[in-house]
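Please read the structure below before turning to the comments.
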Amino acid sequence: MKYRYNITGLTCNNCKTSVEKILNTQPGVKEVLVNLKESEVSIEMSQHISAKELQKSLPDKYSIFDKSFSIEKKSALKTLFPLILIFGYITISAVLLNLKFWNNKSFMLDFMGLFYIVFSFFKILDLKGFQKSFRMYDPLAKAIPPYAWIYPFIELILGILFLMRIKIFLALIGTLIILGITTIGVTKALLDKKEIQCACLGTVLKLPMTKATFIENSIMIVMAVIMLFNSSAL
């Protein structure tokens, strides 16, 4: 039978050859075909071998995931509950900060600042795991691997700039750039119906890539555009 897995860490044809050679030596494996472009590996085997077992044979550079890891018997609401909960906390916090003297511009700046601070926290909790997952769909992280390592710290800096009201114009431009690039990758993954792990909250919370990821990025992008067009907010 043939099984397909997602794999990260593939950067060239040498990686492809190396992974195929290693996995072909595993008991029960008949044939291994690695798709470098799609970061997938197809394995024909006499009996199913879990991604966890296959991972033991691979160098740390590579991470292999069962393509069914996100297809669990859970409702969409239950699966995305951590993301919805965190989003709710951020929204309520931003509202409370501006409740006494309401100001739409201030609310959006606080929301964006809290968004970046909270989301960067979860990414930094498992930086190694995050960068592997992030590189599976972010175009810039795929092309320049070190970018995946520094991305959480870029988010942290942007969050501080928004909350402290420092260099807001640059922070808004930065938001459009990094989230714009990520959204392109998310959109492609959704259109290709890839079953991959979303790295928006790092890897501590196992969240699948869904439309919710696209929506959260879009909200931030829309807010940034609104703020940029309203020059008095800068």
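One decimal place: the segment Ala143-Asn104 gains 10.3 nm when fully extended, by the rule 0.36 nm per residue minus the C-alpha distance.
Helix 104-125 axis versus longest C-alpha principal axis of the chain: approximately 30°, rounded to the nearest ten. Residue order by solvent-accessible surface for Leu127, Leu58 is Leu127, Leu58, largest first, with ligands and nucleic acids left out and a 1.4 Å probe. Measuring with a 1.4 angstrom probe and ignoring ligands and nucleic acids, Thr8 comes out at about 10 Å² accessible. For the chain, the mean residue ellipticity at 222 nm estimated from helices alone is -19000 deg cm²/dmol, where every DSSP H run of n ≥ 4 contributes -39500 (n - 2.57) and the total is divided by all residues, rounded to the nearest 500. Taking Cα centroids, how far is region 1-20 from region 92-118 in Å? Computed from Cα coordinates, the inter-centre distance equals 44 Å. For Lys2, a cut-off of 19 angstrom between C-alpha atoms picks up these aspartates and glutamates, skipping any fewer than 8 places away in its own chain: Glu20, Glu31, Glu38, Glu40, Glu44, Glu53, Asp66, Glu195. Here the chain is assigned +1 on the Cβ of each Lys and Arg and -1 on the Cβ of each Asp and Glu. Its dipole about the Cα centre then comes out at about 80 debye.
Of the solvent-accessible surface of region 78-144, computed with a 1.4 Å probe over protein heavy atoms with every protein chain present, carbon and sulfur atoms account for 72 percent.
Selection among Leu156, Leu96, Val29 by position relative to the dipole of region 19-157 gives Leu96 as farthest towards the positive end (Cβ unit charges, Cα centre). Taking all protein chains as shown and a probe of 1.4 angstrom, Asp192 keeps an accessible surface of around 70 Å².
For the cross-link pairs Lys128/Lys193; Lys100/Lys167; Lys105/Lys142; Lys100/Lys128, which exceed 30 Å when the distance is taken from alpha carbon to alpha carbon? Display every interim value, and only then the final one.
Values: Lys128/Lys193 25 Å; Lys100/Lys167 25 Å; Lys105/Lys142 35 Å; Lys100/Lys128 41 Å.
In this structure, Lys105/Lys142; Lys100/Lys128 lie more than 30 Å apart at Cα.
Accessible surface for the chain, divided over its residues, is 52 Å² per residue with a 1.4 Å probe.
Considering only protein heavy atoms, what is the solvent-accessible area of Ile215 at a probe of 1.4 Å, reported in Å² to the nearest 10? Probe radius 1.4 Å; accessible area of Ile215 about 90 Å².
How long is the gain from Leu170 to Phe214 if the chain were fully straight, where each residue apart is worth 0.36 nm and the alpha carbon distance is subtracted?
On the way: separation 44, 0.36 × 44 = 15.84 nm, distance 2.30 nm.
Contour length minus Cα-Cα distance gives 13.5 nm.
The values are calculated or read from the model by the stated rules, or taken from the named source; none is laboratory data. No experiment lies behind these values; they were computed from the predicted model shown. Here the Cβ is made from the backbone with ideal geometry for all residues, glycine too, and neighbour counts use every protein chain on show. These area figures cover heavy atoms from the full protein model, side chains too; ligands, DNA and RNA do not enter into them. Shrake-Rupley method; radii C 1.70, N 1.55, O 1.52, S 1.80 Å.
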